[in-house]
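Take a look at the structure set out below.
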Amino acid sequence: MKYMADEACNRTGQTGYPTLFCTGQLPERCQGSRASSFYLPGRFSRVPESLERKMMVLGGSASIDLAGKVAKTLNAKHGELEIKRFPDGEKYVRILDDVKDQNIVVVQSLYRNPDEYIMELLLLVDALRDLGASSITGVVPYLAYARQDARFKPGEAVSSLTIAKLFETVGMTSFMTVDTHLHRLEDVSKVFHIPAHNLSAMPLLGKYAQENLNPKKPVVVGPDEEAEPWAAMVAKELDAEHTVFHKKRVSSTKVEIDTGDVEFEGRDVVFADDIISTGGTIAESARACTKKGAKRIFALCTHPVLAEGALERMKNAGVRSVVGTDTIPSNVSKVTVAPVIAEGIRKTNGN
Ligand code: R5P
């Protein structure tokens, strides 16, 4: 059985853009059921001829290095862009390669200056469409605005939906991100009408921890319930047990961490979380582990946002080392997500 991915809701058919074809099962978005939070390998298989044409990877100014690594891993061309700023602050974007009839992957992570990087990405994708690209896969490793995925107070903008609409409107034909945290919607395929996948860097972070941190009698900890899938993926790499902590509000000003029944005495702890921002969550959780006799404490995260003072805060709480990825380039970005993205592209394009 063959049918178009997202056939019922996909706009690519209307714009003449190629559409991914699936075999075996309808995309869950179209079934009206909850999609899985992480991309399932083998969900798409190769069909459209247009996807067999040459692929080119472009990197916006937030992700030039990462785009280069993705291109190298895919053995694809790393296309050239000219990006500059006019005196009034506007961005200028020019694509220096011929993109007609090519499958283009655009990598742009939305960290630190997300609004500027979003505008660049919109200009780029719209130009790619005008210039006749066959398909445009937007790879946004750190998806800013994802957390505002509901209207909590009357009148609020639901930013994650706005971002998705913008990307689709300018002509993205598929979308990928890494370990994005949609608290209520669960999965990016609930936000986009085009095929959208949430990849995970956790297996690579787990592998890094195994090879470089060498934790003894490790226990992998998700600092809250939502971090369970990440802790599970890291634990698998370390062949270790995993658990999640629960926050208990004991008064209006005091929160306690319930570490559960797992034994920490004499064991190394490896935290796994999507984002480390202020470092407060990890610091608080690390103290709870130390109280229970944990030995060394490490923290792994996909997106090292690292607000000012975050590393210091965690160090003071006994965290020996913090390891992140290059979705947000930083001093702790020891792991590149390039292989994860390349694998995601290969699988969705059937290469
Ligand atoms: C929360 O839901 C996230 O998964 C992270 O735990 C959170 O963003 C970490 O923030 P911070 O480092 O500021 O505690």
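Summed over the stretch 245-280, residues that are surrounded by fewer than 16 Cβ atoms within 10 Å (Cβ to Cβ), touching a strand residue (DSSP E or B) at 6+ places or on another chain (Cβ under 8 Å) and under 28 Å from residue 178 (Cα atoms) total 2. Considering each residue of the stretch 259-272 in turn, at least one proves to be farther than 25 Å from residue 140 by Cα and touching a Cys at 6+ places or on another chain (Cβ under 6 Å).
Of all residues in the stretch 273-301, those satisfying the criterion of being more than 10 Å from the ligand (Cβ to nearest atom) and in a strand (DSSP E or B) are 297, 298, 300. Of all positions in the stretch 258-272, none carries a residue that is touching a helix residue (DSSP H, G or I) at 6+ places or on another chain (Cβ under 9 Å), farther than 14 Å from residue 220 by Cβ and within 14 Å of the ligand (Cβ to nearest atom). Figure legend. Inter-residue proximity from the stretch 170-191: first residues not assigned by TED's automatic domain parsing to the domain that holds residue 130, second residues buried (at least 19 other Cβ atoms within 10 Å of the Cβ) and assigned to a helix (DSSP H, G or I), beta-carbon distance below 7 Å, spacing 6+ or different chains. No pairs are indicated.
Exactly one residue out of 212, 198 is buried (at least 16 other Cβ atoms within 10 Å of the Cβ) and in contact (Cβ under 8 Å) with a residue 60 or more places away in the chain: that is 198.
Which of the residues belonging to the stretch 230-272 are polar (S, T, N, Q) and in a strand (DSSP E or B)? Selection gives 243 alone. Scanning the stretch 132-144 finds one or more residues that are more than 23 Å from residue 71 (Cα to Cα), in a loop (DSSP other than H, G, I, E, B) and modelled with pLDDT of 95 or more.
All told, residue 222 falls short of being surrounded by fewer than 19 Cβ atoms within 10 Å (Cβ to Cβ) and at pLDDT 95 or above.
The values are calculated or read from the model by the stated rules, or taken from the named source; none is laboratory data. In this text the structure is predicted, and so the values were computed from the model without any measurement. FYI the Cβ positions are ideal-geometry reconstructions off the backbone, even for glycines, and counts take in every protein chain you see.
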